[in-house]
1. Could you calculate the contour length gain from A:Arg161 to A:Glu93, that is, 0.36 nm times the residue separation minus the distance between their Cα atoms, to one decimal place in nm?
2. If you average the alpha carbon positions of the range A:74-135 and of the range B:75-96, how far apart do those two centres end up, in angstrom?
3. Using only the alpha-carbon atoms of the range A:3-81, report the extent along each of the three principal axes, biggest first, to the nearest angstrom.
4. Would you mind telling me which residue in A:Arg46, A:Arg169, A:Arg191 has the biggest mean-square fluctuation in a Gaussian network model of chain A, where springs connect alpha carbons within a distance under 10 angstrom?
5. Treating the Cα atoms of the protein assembly as shown as identical point scatterers in vacuum, please give the log10 of the normalised Debye intensity I(q)/I(0) at q = 0.06, 0.14 Å⁻¹, two decimals.
6. How high is the relative contact order of the range A:3-81, in percent, with contacts defined as C-alpha pairs under 8 Å that are six or more residues apart?
7. Please give me, ordered by residue number, the GluC sites (Glu not before Pro) of the range A:84-162 that lie in loop per DSSP and have at most 10 other Cβ atoms within 10 Å.
8. Hey, if you put +1 on the Cβ of every Lys and Arg and -1 on every Asp and Glu Cβ in chain B, which of B:Ala23, B:Ser228, B:Ala196 ends up farthest toward the positive end of that dipole?
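Readers should treat all values here as calculations from the given coordinates under stated rules, not as data from a laboratory. For clarity, every value in this text was computed on a predicted model and none was experimentally measured. In this analysis, Cβ positions are derived from the backbone assuming ideal geometry, glycine residues included, and neighbour counts consider all displayed protein chains.
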Amino acid sequence: MSVRQSLLAILNQGPCYGYQLRAEFDRRTGSTWPLNVGQIYNTLDRLERDGLVQKADIDADGQNYVEITDAGRAEVADWLGSPVVRTMATRDELAIKLAIAVTLPGVDIAQVIQVQRTATMRTLQELTRAKNATADPESSEQLAWLLVIDSLIFAAEAEARWLDHSEHRLARARAAGLAAPLPLNTAVPKRGRPAKTAAASA
Amino acid sequence: MTGSDILLQLDGVSMQYGCGETAITALAGVDLSVRCGELVAVMGASGSGKSTLLTVAGGLTPPTAGEVIVEGHWLSQLSARELATLRRRSLGFVFQDFNLIPSLTALENVSLPLELDGWTSKRAHRPAVDALNIVELGDRAQHFPSDLSGGQQQRVAIARAVVGGRSLILADEPTGALDSTTGELVLRMLRSRVDAGAGGILVTHDARHAAWADRIVFLRDGRIVDESRASAVTSLLSGLPA
């Protein structure tokens, strides 16, 4: 989650202090990903170290304000103008679970999928209920909140569709005799670099 | 809720097509109930028995075993005439392809079930207009289906399904022929009728649309294998900003 850039983007609107930044982040994202104050201060320390923010005034209540620098403004512009890259390296716990389960003996993979499908659909039902409570947003905060809910709804829907697809794929594989468990490989892999083959060294 | 809230009950319903070695079991011992104010979605892969469940629940096909009870009436004990009357008065069907009669206006399509039940067209007019107003198509009453968009036609079909106080809506992929936004509007209409006290079964393969239901049952090989029930209060989000 891009906490760093989000906080920087909020600071681009004007100087803020730590608690204020946390409240601003929460109200702009429907409190969906709550941050603790420790995360806020740690992030601000790193932003200051990198020259993206700097200390500003201390008000009568003793609040330490932080303001954005020109380099920080440039980073915000760069963030808003760039796509979010979702790398293949991101581990998907569910994909890993299914991939491992399908290779194990004695696992009812259809049941594994169904248990997940039920949980995913329950999530989707709860999100849909929450969304239906606000058909038409009446403020910028509600609009932002609905965008976040829509994103979660579409992610849950994608997961449900992927589960359906996986079920079909497994049924076809089973019919073709391809869904057999994978036995343990008794050949112990050697540590270090693979040995050069004769062809490679020639 | 009490037992009297139950609009539809399926007790051990099985449905088999053919016999002997070539017999196909479409439903196998399905127990399901729908209460007033409850929308139940049925999901499952193609061939899992979803549409068969709907035709059996709607009294269009008798099950080979088990019992279907609609508003306290055991369908197996009704004569063909009594069954037809019960279907007209208590059940409303919504299909993927709308099934409106092209030579009739929206108003005439919605009035038709009442007129088939012996109402004069003049008497059927008022509840049909009311039903069209509910789906926000009162101003399209005199339009023919060909003059309406797909979403509007499906809303007419929903009006026809609920006209005259019919209490149970059976919808088979009602959003299948609609784009996402229009499909959502149709679901909102369906949901509002259920919230007003009707009951409904929504057969769909679309996860996002099934999520509008209070309960989702999952069919596999004719059996209910699991169920998802929405919590009264979502635990996922802290709430709507003021």
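1. 22.8 nm
2. 42 Å
3. Computed over the range A:3-81, the largest-to-smallest principal extents equal 34, 30, 20 Å.
4. The residue that fluctuates most here is A:Arg191.
5. Values returned for q = 0.06, 0.14 Å⁻¹ are -0.40, -1.27.
6. Details: 95 pairs, mean separation 29.2, N = 79.
Contact order relative to length: 37 percent.
7. Hits after loop and neighbour filter: A:Glu138.
8. Sorting the options by dipole projection puts first B:Ala196.
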